[in-house]
1. Within segment A:144-162, does at least one residue satisfy the condition of being at pLDDT 95 or above and within 14 Å of chain B (Cβ to nearest Cβ)?
2. Scan A:Thr280, A:Thr333, A:Thr356 and give me the residue that is within 13 Å of another protein chain (Cβ to nearest Cβ) and closer than 20 Å to A:Ile248 by Cβ.
3. Contact list please: Cβ distance under 7 Å, first residue in segment A:381-393 and more than 9 Å from chain B (Cβ to nearest Cβ), second residue surrounded by 20 or more Cβ atoms within 10 Å (Cβ to Cβ) and among the β-branched types (Val, Ile, Thr), pairs at least six apart or on different chains.
4. So which residues in segment B:239-257 are farther than 16 Å from A:Asn294 by Cβ and either part of a strand (DSSP E or B) or more than 7 Å from chain A (Cβ to nearest Cβ) (or both)?
5. So, restricting to helices (runs of 4 or more DSSP H) that lie completely within segment A:1-77, which ones have at least 1 residues that are hydrophobic (A, V, I, L, M, F, W, C), surrounded by 22 or more Cβ atoms within 10 Å (Cβ to Cβ) and under 28 Å from the mean Cα position of the chain (by Cα)?
6. Collect the residues in segment A:248-277 that are in a strand (DSSP E or B) and either more than 11 Å from every other protein chain (Cβ to nearest Cβ) or buried (at least 24 other Cβ atoms within 10 Å of the Cβ) (or both), keeping them in residue-number order.
7. Do the conditions hold for B:Leu174, that is, is it within 14 Å of chain A (Cβ to nearest Cβ) and modelled with pLDDT of 95 or more?
8. What number of residues within segment B:258-268 satisfy the criterion of being over 23 Å from the mean Cα position of the chain (by Cα) and more than 8 Å from chain A (Cβ to nearest Cβ)?
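The values are calculated or read from the model by the stated rules, or taken from the named source; none is laboratory data. All figures in this text were calculated on a predicted structure; none of them were measured in a lab. Here the Cβ positions follow ideal geometry from the backbone for every residue, glycine too, while neighbour counts run over all protein chains shown.
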Amino acid sequence: MRFYEYEAREIVKRAGIPVTDYGFTADAGEAGQIAERIGGSTVIKSQVLTGGRMKAGGVKFADTPGEAEAHAADILKLEINGHAARGVLVDPRAQVKQEYYAGVVWDGTAKKPLILFSDMGGIDIEQVAEEHPDHVGRAHVPTLLPVSDFHAKQAIAGAGVTGRQMQRLIPIVSRLAQLFQTDDMTLAEINPLAELEDGSFVALDAHMEMEKEAEGRQRELLRALGIADDEERDGHEPSTFESAVSAIDAADHRGVIQGKDTGFHGDLGLVIGAGGGSLTLTDAVQSVGGSPANYSEIGGNPSVAKACGLAKAVLQKDGVEKIAVMMSIVSNTRVDIVARGVIKACIELGKDPAETISVFRIPGAWEEEGFKILRRYGVEHFDRSVSMHEAAQRAVDKIQGTTAP
Amino acid sequence: MSILIDKSTTFIVQGITGREAVNLTRECLDFGSKIVGGVTPGRKGREVHGVPVFDTVAQVVEHNGGAVPDGSVVTVPPAFTKDAVFEALEAGIGLVVIVTERIPRRDVAQMVELADLRGARIIGPNCLGLIVPGVAKMGGIGGPAKDAAKAYGPGRVGVMSRSGGMTTEISSTLTAAGLGVSTAISIGGDAIIGSAYAELMPLFEADEQTEAIVIYTEPGGRMEAQLSEWVAEHDSRLPIVAFMAGRFMDSEEMKGMSFGHAGTIVEGKEDTAAQKIERLQAAGIQVVERIDEIPDAVKARLHEGAA
C-alpha cells in the first residue's frame, strides 16, 4: 500500500522523527486557517499518489493565508496523471541550509533491509547513485537483532558526512530503519531530509509503501492513519473485466483465478495458468504475432464454476470471439474440471465450444477424463507432446484465419 | 547422485493435517520419500497416511529415538510460518522447504537470518519443493507419484525455477528429449527466497550427475544478475541455459504491475526482462525464446563441452 505524503509524514512523526508543523485538509478555507496558524510563508502541496506534482502545478508557495486558500482551491481541482487530489498539505516554508536523503529498501540478494543515505537530497536517489556514487552511503540492517545506531552511522559516514551533522542525523536514520521493519514497509524514504538554518533537522517530505501481505497485522497503524479496512489502493482503477474476475474468485474458496486487461488491446482471449505458465503463454502468443485481449491465471484447482466464470468474463470482453485455454503441465489443478468449466461457459453464452475454443492445451492431472469431454464437443486439444509455443501458434493461426479450422 | 536430498533423506511435514499437506504427504510417500512424522499443534495422536502426528517438532525427535530429521516441509498459514520454521531450525533441522505463500518479507528475512546462524538452508517460500527423479521428492512438486514419474525422468540436467509449474513443464521437456533431470528445485516466486540460483550453483557444481543447468526466470529482483556475477567469478564446468518469461511486462503500460508471482514486478531498470537477458548473455548464459528450444540448446552446449 502506497501512502499519501500526509500519512507518510504521520508515520515518520510517530517514529519520533522531527517533522514541520504542517496541516492536512480537503477544504480550501481550512487551508487558509492552517496557514494563518503557521504564520509566515507556506507551501501548499497536492496530496496525490503519483509523482511529478511540482511540474504539474501541484505545489505552490503562499505568502499570506489568503494566497494559501486560493492556491489550495486551485490545487484541489487539479488532476495529476489522472489522479484527483485527496487534499492539500499546508507546510511552513522552511529555511533550508542543506538537503539530505535517507531511505530504506529491501535488498533481495542480501535478504536484509538496506539503508541508503546521501548528502545530496531533493533529487532521485537512483540518479545520485549513478552520477555521484561517493555521495551515497549504504548499510545493511539485521532483522533478528535490534537495529542499532551503528548501522545508521555506517550509512551516514559512507556518504562522507561527519561532525555535528552526523550526531544529529544518527537518531533520525536509525529510527527510520526501525520503522521500516516494525511497520512492514517495502520502502521508507525521507527526501528531502532538511538541515535548517538553525542547525536542526526535519523531514520535509516522506514516501512510504507498506507490504500488501502485512496489511492484516498492521490494521492498528492503518486505522490510526484513518485508512478504512476495505480501502483499496491499487496503482490503477480495476477495469470491468478485472472487477468481474475478482468477484468470481471471491465467491468460491476453491482454487484461484486472476484476470487483468489493463494494457492489453488484442482479440485473442486467454484462459491460461498458472503463474509461470501464464507469463510464458502470454509471451508465446505475442511472439508468434498474436494479440492477447487479456492476461489470466488459473491455479490451485478451481471449481467448474470458477473456470466457467473466468472463461465467460473473457468471452464477454468486446471484440473477443475466440479463447485459447492453455496451461503448463498441471499437477494440482485438474484438466477435466477446467475442460468442463470452459465448455459450460461457451454453451451458456450460446456459443459452439468447437468454434469458440481455438485450442485447449492443458496436460497433466486427470487429462484422460478431460480430453474425453473435449472430444465429445469437438474441441481441438493437445497433450504435453505439443509445446506451449506450438499451441500458442495454433491458436493465433486460427484466429488470423491462416489455417483450416 | 543428487543435491540436497537422496533416498535416505528423512523429513517431517509441519501443518500435516491441512488439505494440501495431506495430499503432498501421500504423493511423497508414494514416490519413495521417508516422512518420519508430522506436526500440527493440538493434533497429537492422529495419523496422516500412516505418518504419526505430533504437537511439536521435539516430540517427533523424541519419537524417533532422538534422531533429528534431515528436513521439514512447512505448509502452515502465513501468520504461523515463521514460528514453525524457527521451531524446525532450533530443533537442528538442516533443510526447510517453505510451501506457504504471502508471507511478509520481514518474516522471511528473519527465517533466513536464523537459518544462516544455524548453518541450515531454506528453499522457498512460495515454492513446490524439490525432486530427485526416481529417488525422492520433498513437497508437492510434480503432483501425484505417477504424474511426477511421467514428467521427471532421471538424467543429466539440474533445473532451478521461480515457478513451480514451469519446473515440471521444463523437466518434462528435458525428459522427453532423453536428457532427463538430476535434481529439480522450485526455488519460489517471492521477492526474498532462501536459496537463489547463485546459492545453489556450488551444490550442482559438486554433483557428478549434473552436467548442465536450466533455469526458468522472470522479471523482478536481482537474482539473475547475482547468477551472472557468480558465473563470471567462478570457472564453472556447467553450461547454463535460461528461459525468461514475462517479456511482455517490459511494456511501459505494465510498469509497477505484478504478474504471476509476488516477486514478479518491474520497478526499476534492472528488473526488466530485456535488461536481465542482456546480463545473462554477457555472462555466457544462453537465453532461449521458447521452452521447446531448451533440449537442443542443452545438447549443443554439452557437445561443445565434450569437443
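1. The answer is yes, given that some residue of segment A:144-162 is at pLDDT 95 or above and within 14 Å of chain B (Cβ to nearest Cβ).
2. A:Thr333
3. Filtered contacts from segment A:381-393: A:Phe382/A:Val359; A:Ala391/A:Val359; A:Ala392/A:Val285.
4. B:Pro239, B:Ile240, B:Val241, B:Ala242, B:Phe243, B:Met244, B:Asp250, B:Glu252, B:Lys255
5. In segment A:1-77, the matching helices (runs of 4 or more DSSP H) lie at A:5-14, A:65-77.
6. Matches in segment A:248-277: A:Ile257, A:Gly259, A:Leu268, A:Gly269, A:Leu270, A:Val271, A:Ile272, A:Gly273.
7. yes
8. Here the count works out to 1.
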